[in-house]
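Report on one structure; see the data block that follows.
The values are calculated or read from the model by the stated rules, or taken from the named source; none is laboratory data. Every value quoted in this text rests on a predicted model; they were computed, and no experiment measured them. Note: ideal-geometry Cβ built from the backbone for every residue, glycine included; neighbour counts use all protein chains shown. Heads up: the accessible areas ignore ligands, DNA and RNA and are worked out on the full protein's heavy atoms, side chains in. Shrake-Rupley method; radii C 1.70, N 1.55, O 1.52, S 1.80 Å.
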Amino acid sequence: MKIDIKQAARIFFQNPSLEMVFIEAIANSIDANATKIDIDISIEALDKPETLKIKITDNGGGFTDERYEKFCKLLKVEEDTHKGVGRLVYLCYFDKISISSKYDNKHRTFTYDTEFDEDDSDMQEVPMAESIYETIIAFEDCSLQRLSSYTTISPEYLRKRIFEEFYPRLYLMKQDKKELVISINLDVQKVKKKQIICVRHTQ
């Protein structure tokens with residue numbers, strides 16, 4: 001049975017906040033054991049929300065066959081803490097999400113949108129000579145009619161929300177002496193702001 005992704009997004013996320021796009025992507029990066037996450041946000045002007053673009057890059061395990069299969073199946077989870085619908089929040093704000101994932105001498109690319117169908121997708125997987133671990137999720141074609149405020153995309157605000165959302169996991173990472181560095185870069189025309197979120201632990 002096929003699921004209407006657009007309708008599912010409306011049902012599960014009736015009034016989501018833009019920050020949830022970042023929270024969901026970061027959660028997936030941490031689940032993939034990433035130690036470095038770079039968030040690049042760009043917009044021509046705050047009164048041009050349609051120009052908002054987000055690119056999130058991490059060095060985690062990538063979209064392996066297993067992770068790709070889970071991504072394709074809504075509500076398919078193994079942990080009680082996950083619902084298996086988080087990625088739907090992406091479609092509440094962006095009409096096109098391009099994913100590029102390099103892992104285990106492979107490079108997988110595909111597009112996620114409201115018409116996504118694992119049996120008829122543009123997914124491609126090609127071999128690579130080098131073993132590189134890098135996943136890039138690019139969000140484009142923003143459907144926002146207006147940006148509520150600068151705060152919603154400001155590095156300072158996102159830094160605070162990330163710590164609030166992930167504090168328990170960050171604490172456990174500290175206990176296990178694991179490293180995680182998250183950088184946020186915002187480009188609004190000629191105004192650039194950068195905030196580094198660093199959780200670094202060494203023995």
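Can you give the extra length, in nm with one decimal, that the chain gains between Lys55 and Ile132 once fully stretched, where that is 0.36 nm per residue apart less the Cα-Cα distance? Don't skip to the end; give the middle numbers.
Details: separation 77, 0.36 × 77 = 27.72 nm, distance 1.84 nm.
Taking Lys55 through Ile132 to full extension adds about 25.9 nm, to one decimal.
Counting only the heavy atoms of the protein chains, how much of Ser143 is accessible to a 1.4 Å probe, in Å² to the nearest 10?
Surface open to solvent at Ser143 totals about 50 Å².
Pulled fully out, how much extra length does the chain show between Cys72 and Thr109, if you take 0.36 nm times their separation in residues and subtract their Cα-Cα distance?
Details: separation 37, 0.36 × 37 = 13.32 nm, distance 1.35 nm.
Length gained between Cys72 and Thr109: 12.0 nm.
Suppose R0 equals 22 Å. What FRET efficiency, 1/(1 + (r/R0)^6) with r the Cβ-Cβ distance, do Ser17 and Glu156 give to the nearest 0.05?
On the way: r = 16 Å, r/R0 = 0.74.
The formula returns an efficiency of 0.85 here.
State the percentage of accessible surface on region 90-150 attributable to carbon and sulfur atoms; use a 1.4 Å probe and exclude ligands, DNA and RNA. Working shown, then result.
Numbers: 1380 of 3370 Å².
Ligands and nucleic acids excluded, carbon and sulfur reach 41 percent.
Using a basic spin-label model with each label point 7 Å from the Cα along Cα→Cβ, how many nm lie between Arg146 and Glu118?
Modelled inter-label distance: 4.1 nm.
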